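In what follows, a single structure is set out as structure tokens and then discussed.
The values are calculated or read from the model by the stated rules, or taken from the named source; none is laboratory data. A quick note: this is a predicted structure, and the numbers were derived from the prediction, not measured. Cβ placement follows ideal geometry from the backbone for every residue including glycine, while neighbour counts extend to all protein chains displayed.
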């Protein structure tokens, strides 16, 4: 039992006593002692699951080809790929010279004579209990590598540079950077971002190799905006983007002139998001100006703010991104709750090829002819399964006749294909091996629909073994925020549930993006409760329609907020709840602009600090503040990390403390990783053990009386 230290909070005339606010002080010895005591209590309460946990871990390990490699991807003069080796936690990044258009035959566990190790994650990690790579970027000519590392989990990385010709590290070393970065076209300069005290990336710096004084090239002072920088696939432009949750702004710089001034494309307009892709002699622009589900436009190189519609807005299709290549473009979209790909091929000019237009031609009509051809010849790639997820996967080359894509479903392991743009043919390059005799024919997937309180139909994706009789214990997963979609995908670990007679289901609730931008808008701000009631409706539908007898709920981060909310709304519907890094003290966090990411989040949740209506609305659903005294709650397992900068550890700690002190039912358990961040433990074997622990708890909840 946590001690109670009453702390008063007053906003908009409303005074609240928070008895567990003291847990937010990580430097207080009592805080660490409490978290460690909770971990000890967890071990006591789950000791009987140790044998089952070990079984599940061995199943995950036994189904995984531990010594494996990725499909090589061509970039310039090299084929790049990664290896994993049995017994090692992290991947090894490698490359081999590109001697032909076809990649060399590379086998797992065998080295090639010309193979070069770029980075060995195991060597970099050493004995550290946590290790994460932030960026790994090679110069366009393939000679230099920029990479960044984090050994705590707080997502502040150290940037280093390696000469790939000699294997030597340069003396250049930069502390405290964020993810990502971009090289100039000549490889002399690397651009990177820094974060402020709230962990918001707000500055872009220019580092010239061999110098010690980096130059600030852009600073974003509006606390609602993040910044990032990248290099176009064509390697012609550096793209500096600033964006809030609802608005974006882009600046461009000739990649051959890294010390030049970035030029603004269009100034920000609240609610308008846009992004640019360089297509050789024009730009593609994907934007939502007067187009809720986004529209694809084109713009000339000398006036990227002049947008001409190409693919019009559709109510039933959400355009997600555009990838431009020398002779074609690919639109990634979402329709009917599934992802898809639309190819826009250009008309070829037989004497030179479409990408070889001269400057004079570019200034005339050639690029307009190519745009017209893209519209006339467009087509969508077909896929056979009723449920699946597909998207571009590692296409670094600008001039290519093939499209690399990733494909998976709830029964099909992750697969890498090349789509031959000339033959219109899908070529399977690799499907992730699943050892132990996995047969996709033993399993079946379904799409069902629940009806929400307001009559909205909510899609549910399900998978089970064909020989599992209904009703069956069910793990129901949900997220429902930031327009992020939980698409139908495969999981090796999930087989340990399915083979024990479980059904796995995903409730595609509002607040996510599965059904388009309107689906997202109807689950945010003062419509956030739709996310929670959709999930409850899905759980009830699974029971009433005969799918399920016992439903265990699971979600993480913003999905952890969902878990806490549904536990308050309908605790009787769930046999257990797993909440991972859960955002359960949402109101207190969003009230404090000094905390990481708070101001940025106001566009998602609302601003309760300055708006009393938002304050009242958030207070009505935030899980921590709505635990009911004496009400029976299902068993709850909350998992967090001490160094998490996105959802601070004290949120689930406070929540569990209040549940245990005031609610009936349970038990309520808290597991804190004392040396990890938002993603939990970093090594793959450690991650498998953590998943085995969670699954063993879920299995008990689904099968106990």
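Just one of (1) in a loop (DSSP other than H, G, I, E, B); (2) touching a residue at least 40 places away in the same chain (Cβ under 8 Å); (3) under 18 Å from the mean Cα position of the chain (by Cα) fails for residue 523. It is (3).
Give 478, 516, 501, 436 a once-over and let me know the one that is at positive phi and buried (at least 20 other Cβ atoms within 10 Å of the Cβ). Going through 478, 516, 501, 436 in turn, just one is at positive phi and buried (at least 20 other Cβ atoms within 10 Å of the Cβ): 516. Of everything in the range 180-194 that is within 22 Å of the chain's Cα centre (by Cα) and buried (at least 22 other Cβ atoms within 10 Å of the Cβ), the residue that is farthest from residue 258 (Cα to Cα) is 193.
When only residues in the range 586-607 that are outside any helix (DSSP H, G or I) and over 21 Å from residue 247 (Cα atoms) count, which is modelled with the highest pLDDT?
If we filter the range 586-607 for residues that are outside any helix (DSSP H, G or I), which is where we start, we get 591-597, 606-607.
If we keep only those that are over 21 Å from residue 247 (Cα atoms) too, we end up with 591-592, 594-595.
Details: 591: 96, 592: 92, 594: 83, 595: 80.
By that ranking, first place goes to 591.
Between 282, 294, the distinction of being out of contact with any helix residue (DSSP H, G or I) (no Cβ under 6 Å at 6 or more places or on another chain) and over 16 Å from residue 229 (Cα atoms) belongs to 294 only. Is it the case that the range 554-571 has a residue that's in the same structural domain as residue 698 (by TED's automatic domain parsing), more than 21 Å from residue 508 (Cβ to Cβ), surrounded by fewer than 24 Cβ atoms within 10 Å (Cβ to Cβ) and in contact (Cβ under 8 Å) with a residue 60 or more places away in the chain? Within the range 554-571, one or more residues are in the same structural domain as residue 698 (by TED's automatic domain parsing), more than 21 Å from residue 508 (Cβ to Cβ), surrounded by fewer than 24 Cβ atoms within 10 Å (Cβ to Cβ) and in contact (Cβ under 8 Å) with a residue 60 or more places away in the chain.
Looking at 610, 541, can you tell me which residue is over 30 Å from residue 153 (Cα atoms) and not in a helix (DSSP H, G or I)? Going through 610, 541 in turn, the sole match is 610.
Condition check ((1) in the same structural domain as residue 668 (by TED's automatic domain parsing); (2) within 21 Å of residue 701 (Cα to Cα); (3) at pLDDT below 95) across all residues:
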| residue | (1), (2), (3) |
| --- | --- |
| 6 | no, no, no |
| 17 | no, no, no |
| 23 | no, no, no |
| 35 | yes, no, no |
| 38 | yes, yes, no |
| 41 | yes, yes, no |
| 44 | yes, yes, no |
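Where in the range 44-148 are there strands (runs of 3 or more DSSP E), lying wholly inside it, with at least 1 residues that are more than 27 Å from the chain's Cα centre (by Cα) and surrounded by 18 or more Cβ atoms within 10 Å (Cβ to Cβ)? Full working, then the answer.
Working: elements: 73-75, 78-84, 92-97, 116-120, 132-138.
Here the list reads 78-84, 92-97.
Mind checking whether some residue in the range 572-585 is assigned by TED's automatic domain parsing to the domain that holds residue 534 and part of a helix (DSSP H, G or I)? The answer is yes, given that some residue of the range 572-585 is assigned by TED's automatic domain parsing to the domain that holds residue 534 and part of a helix (DSSP H, G or I).
What about residue 117, is it closer than 26 Å to residue 69 by Cβ and either in contact (Cβ under 8 Å) with a residue 60 or more places away in the chain or touching a helix residue (DSSP H, G or I) at 6+ places or on another chain (Cβ under 7 Å) (or both)? It is false that residue 117 is closer than 26 Å to residue 69 by Cβ and either in contact (Cβ under 8 Å) with a residue 60 or more places away in the chain or touching a helix residue (DSSP H, G or I) at 6+ places or on another chain (Cβ under 7 Å) (or both). Which residues, taken from the range 1-43, are closer than 16 Å to residue 592 by Cβ, without any contact (Cβ under 8 Å) to a residue 24 or more places away in the chain and part of a helix (DSSP H, G or I)? Passing the criteria: only 22.
Confirm whether residue 293 is more than 25 Å from the chain's Cα centre (by Cα), modelled with pLDDT of 95 or more and either surrounded by 21 or more Cβ atoms within 10 Å (Cβ to Cβ) or not in a strand (DSSP E or B) (or both). Lay out the reasoning, then the answer.
Numbers: more than 25 Å from the chain's Cα centre (by Cα): no; modelled with pLDDT of 95 or more: yes; either surrounded by 21 or more Cβ atoms within 10 Å (Cβ to Cβ) or not in a strand (DSSP E or B) (or both): yes.
Taking the combined requirement at face value, the residue does not satisfy it.
Are there any strands (runs of 3 or more DSSP E) wholly within the range 419-500 with 2 or more residues that are farther than 26 Å from residue 403 by Cα and more than 23 Å from the chain's Cα centre (by Cα), and if so which?
Filter on the range 419-500 gives 443-451, 457-465, 472-477.
Among the criteria (1) under 18 Å from residue 638 (Cα atoms); (2) more than 30 Å from the chain's Cα centre (by Cα), the one residue 35 does not fulfil is (2).
Kindly indicate which of 352, 317, 358 is modelled with pLDDT of 95 or more and out of contact with any helix residue (DSSP H, G or I) (no Cβ under 6 Å at 6 or more places or on another chain). Spell out how you get there, then give the answer.
On the way: 352 fails: modelled with pLDDT of 95 or more; 358 fails: modelled with pLDDT of 95 or more.
317 is the lone residue from the list that is modelled with pLDDT of 95 or more and out of contact with any helix residue (DSSP H, G or I) (no Cβ under 6 Å at 6 or more places or on another chain).
The one condition from (1) crowded, with 23+ Cβ neighbours inside 10 Å; (2) over 27 Å from residue 222 (Cβ atoms); (3) out of contact with any strand residue (DSSP E or B) (no Cβ under 7 Å at 6 or more places or on another chain) that residue 605 does not meet is (2). Does residue 664 fit the bill of being farther than 20 Å from residue 24 by Cα, in contact with a strand residue (DSSP E or B) (Cβ under 7 Å, 6 or more places away or on another chain), without any contact (Cβ under 8 Å) to a residue 12 or more places away in the chain and in the same structural domain as residue 499 (by TED's automatic domain parsing)? Answer is no for this residue.
Looking at 73, 50, 82, which is the one that is touching a strand residue (DSSP E or B) at 6+ places or on another chain (Cβ under 6 Å) and without any contact (Cβ under 8 Å) to a residue 40 or more places away in the chain?
Values: 73 fails: without any contact (Cβ under 8 Å) to a residue 40 or more places away in the chain; 50 fails: touching a strand residue (DSSP E or B) at 6+ places or on another chain (Cβ under 6 Å).
Among 73, 50, 82, only 82 is touching a strand residue (DSSP E or B) at 6+ places or on another chain (Cβ under 6 Å) and without any contact (Cβ under 8 Å) to a residue 40 or more places away in the chain.
Here 649, 615, 621, 685 are screened, and the one residue that is touching a helix residue (DSSP H, G or I) at 6+ places or on another chain (Cβ under 9 Å) and under 21 Å from residue 198 (Cα atoms) is 649. Only residues that are buried (at least 19 other Cβ atoms within 10 Å of the Cβ) and in a loop (DSSP other than H, G, I, E, B) were counted in the range 296-308, giving 2.
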